[in-house]
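Working notes for the structure below.
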Amino acid sequence: VQLQASGGGLVQAGGSLRLSCVASGTIVSFNDMGWYRQAPGKQREMVAAITIGGATNYENSVNGRFTISTDFMQKTVYLQMNSLRPEDTGVYYCNTVPPDRHYWGQGTQVTVSS
């Protein structure tokens, strides 16, 4: 079982992207979910999380710019990213919170040019 992230790309600073993560089965419905980012040369970190009940939490640097949401019918987790900065560059993954090592997928590359 993997969580397949998509929607990344190359964007100029100040631009926007919307990432999607499709999950199989009932992963999204029965787990808190998160988006994780691995920047070049850095450890993977969680940037946004959403509980089953819809409560959200964001890493300080993305708070106010990123929005996480879920669509239970579509079994999908979204990350709307606005006002992108070069430091947002990295590979973005979705997983449960806390992350399950069996669910790491390929991730999707986000590159923000200055």
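The values are calculated or read from the model by the stated rules, or taken from the named source; none is laboratory data. Source: prediction; values computed, not measured. As a convention, Cβ positions derive from the backbone with ideal geometry for all residues, glycine included, and neighbour counts pool all protein chains shown. Note: accessible area is taken over every heavy atom of the protein model, side chains too, but ligands, DNA and RNA are not part of it. Shrake-Rupley method; radii C 1.70, N 1.55, O 1.52, S 1.80 Å.
Among the strands (runs of 3 or more DSSP E) contained in the chain, which hold 2 or more residues that are open to solvent by less than 50 Å² (accessible area, probe 1.4 Å) and among the aliphatic types (A, V, I, L, M)?
Output list reads 17-22, 45-50, 76-81, 108-113.
Which of the residues that make up segment 72-114 are out of contact with any helix residue (DSSP H, G or I) (no Cβ under 8 Å at 6 or more places or on another chain) and of a type in the set (D, E, K, R)?
Arg85, Glu87, Asp88, Asp100, Arg101 - these are the residues of segment 72-114 that are out of contact with any helix residue (DSSP H, G or I) (no Cβ under 8 Å at 6 or more places or on another chain) and of a type in the set (D, E, K, R).
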